[in-house]
Amino acid sequence: MNLHEYQAKELFRSAGMAVNPGEVAGTPEAVRTLAEGFGGRVVVKAQVHSGGRGKAGGVRLAGSPDEAAAHAAAILGMEISGLTVERVLVSPIEDIASEAYVGVLVDREGQCPLFMVSAEGGIDIEEVAATNPEAIHRLRVDPRYGLMPHQAYWLATRLFDDPRRARQAARVISQLYNAFVNSGASMAEINPLISTAGGEVKAIDAKVSIDDNELFRRPGVAELRDPGSESGADAQAREAGLSFVKLDGNVGCCVNGAGLAMATMDLVKYYGGEPANFLDIGGSSNPDKVVAAIEIITSDPSVEVILFNIFGGITRCDDVARGIVEATGRIDIDVPIVIRLTGTNEDLARTILADAGFAAGTSMDEVVQEAVRLAG
Ligand code: GDP
Ligand code: MN
C-alpha cells in the first residue's frame, strides 16, 4: 500500500522530523485560501501515487494566491501515470540551496533494511544509478540493533560537508529509520532532502510504501488507504479476501493456497506460458469467492484462458465447481476455462461441472499444458 506525500509527511512529522509545512485541498478556491494563509508564494503539488510528478507538470510554483488557484485548476483532474489527481498539497516555497536523496528499503538479499543516500537529490535515484552510480552510498542496517548514531552520521556526511547540516541530516536519517520500522514500511524515501541558504535541513518530499502484511496489526496505518488510488482489480480482490497480484502474461490463474499458486505459475512458465496473475482463493469453501475471482481475472483484457487448479482439502471441490457454474451464468466469459481439481468432494464437483458442460482433469501437468496451448 502506498501513502500519499501528505500522509507520508504526517508520519515523518510524528517521528519528530523537520518537514516543510503543508495542507491538502481539492478545489482551486480552497487552494487560494491556503495560499493566502501561507503568505502567497506557494508550491502546489499533485497527490497521486506516482513519481516524476514534477516532470509531468504536477508540481508548480506560484507567486500569488491567484496563481496558486490557477495552478490547482490545471493540476486537479490531471492524469499522471493513469491516475487522476483529486487533491493537491499546498506548501510555502522553500529557498533551496541543495537537494539530497535519502531512502531506506527492505533489502531481500541482505535480509535487512538498506539505506541509500546521494548528494545528487531532486532527480530520480534510478537516473543517478544509471548515469553516476558512484554518487550513491549504501549502508545495511542490522535490524537487531537498529540504525546506530555513528551510521546515521556517516550517511549524513555523504550528503553535507558542513557539520551543522550533517548533524541535522543525521537526525532526519534516524527519524526516517524509526518511521520506516514503526509503520511496517517496505520503502521510505525523501527526495529531496533540502538545505536552505540559512543552513536548515528539511524534507520537502516524502514517499512511503507499507507492506500489506503489516497492516492487520497497524489499524492506524491501514486507515490511510486511499481506495480511489488503487486499481479496480486490487480493490475488488481485497474486499473479496483474495490474494491477488497482477502479472503481464495471458494465462489467468485461479488456485487455492499460495504454495499451489506458486507451483502452478512455475508450471505455466515451464510449459512456455506466461501467467496473467497470482490468485489464491484461500482455504475457505465459498462459491462467492470463486465468482469474484473469475470477475477479477476476466476484467483483464490480456487473459486468453482461465486455469483452475484446486486441491480440495478444507476447500471443497464441489463449492469451487458451484462457483464456476454460477460465475459463467452471471458474467459473459469469452475465454476458455480449463479445470484441474482433486480432493474433497471431487466426484460431486465433476458431476456439477459435467452438467454445466465442463470437463475437469486430475493431472496438473496435462491441464497446465492445455491452458498454455489455448493461450496461444
Ligand atoms: P516529484 O517530482 O514528484 O518528486 O516532486 P518533488 O516534491 O520532489 O518536487 C520536484 C522538484 O520541484 C524538486 O526537486 C524541487 O527542485 C522543486 N521544488 C519542489 N518544492 C519546491 C520549493 O518549495 N521550492 C523550490 N525552489 N523548488 C521546489
Ligand atoms: Mn521528489
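The table below gives the values:
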read-out	value
Net charge, residue 53 excluded, C-beta distance under 11 Å - Lys, Arg +1, Asp, Glu -1	+2
Intensity falloff of the chain expressed as log10 I(q)/I(0), Debye formula with alpha-carbon point scatterers, at q = 0.08, 0.15 Å⁻¹	-0.54, -1.17
Residue among 42, 342, 178 farthest towards the positive dipole end of the chain, charges placed on Cβ	178
Net dipole in debye of the stretch 21-92 [+1 Lys, Arg Cβ; -1 Asp, Glu Cβ; about Cα centre; nearest 20]	260
Average Cα contact separation per residue, the chain, under 8 Å, 6 or more apart, as relative contact order %	12
Kirkwood Rh and Cα Rg combined as Rg/Rh, the stretch 148-276	1.15
Proportion of all alpha-carbon pairs of the stretch 298-343 beyond 13 Å (%)	59
Top of 41, 330, 171 by mean-square fluctuation, Gaussian network on the chain, Cα under 10 Å	330
About the Cα centre, charge dipole magnitude for the chain (Lys/Arg +1, Asp/Glu -1 at Cβ), debye	1200
The stretch 244-345 - Rg and Dmax from Cα coordinates, angstrom	12.3, 34
Long-range amide H partners of residue 80 with built H, under 5 Å	85
Most to least packed among 255-264, 183-192 [average Cβ atoms within 10 Å]	183-192, 255-264
Calculated [θ] (222 nm, deg cm²/dmol) that DSSP helices of n ≥ 4 give over the chain, each run adding -39,500 (n - 2.57)	-11500 deg cm²/dmol
Sequence-distant residues sharing a close amide H with residue 206 (under 5 Å, placed H)	191
Equivalent ellipsoid semi-axes, the stretch 1-124, via Cα gyration tensor eigenvalues times 5, rooted, Å	28, 17, 14
The stretch 231-375, dipole about Cα centre (Lys/Arg Cβ +1, Asp/Glu Cβ -1), debye to the nearest 20	180
Positive-pole candidate from 279, 169, 72, dipole of the chain, charges at beta carbon	169
Residues whose placed amide H lies under 5 Å from that of residue 250, excluding near-sequence neighbours	274, 276
Global geometry of the stretch 293-376, whether rounded, prolate or oblate, following the gyration tensor of its Cα atoms and the 1.5 cut on a/c	oblate
Global form of the stretch 21-92, assessed from the alpha-carbon gyration tensor, a/c cut-off 1.5	prolate
Within a Gaussian network of the chain (alpha carbon springs, distance under 10 Å), most fluctuating of 219, 227, 28	219
Most mobile listed residue (80, 352, 125) in the chain, GNM with C-alpha springs under 10 Å	352
Rel. contact order, % - alpha carbon contacts under 8 angstrom, at least six apart, the stretch 250-347	32
Anisotropy class of the stretch 85-191 from Cα gyration tensor, a/c 1.5 cut	rounded
HN-Hα J in Hz across the stretch 272-278 - Karplus 6.51, -1.76, 1.60, θ = phi - 60°, x for Gly and Pro	x, x, 10, x, 8, 6, 9
Measure of compaction for the stretch 36-76 (Cα Rg per 2.2 N^0.38 Å)	1.14
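Read-outs throughout are calculated quantities, based only on the coordinates presented, and are distinct from any laboratory measurement. Computed from a predicted model, the values in this text were never measured in an experiment. Methodologically, a virtual Cβ is constructed for each residue, glycine included, from the backbone with ideal geometry; neighbour enumeration extends over all protein chains shown.
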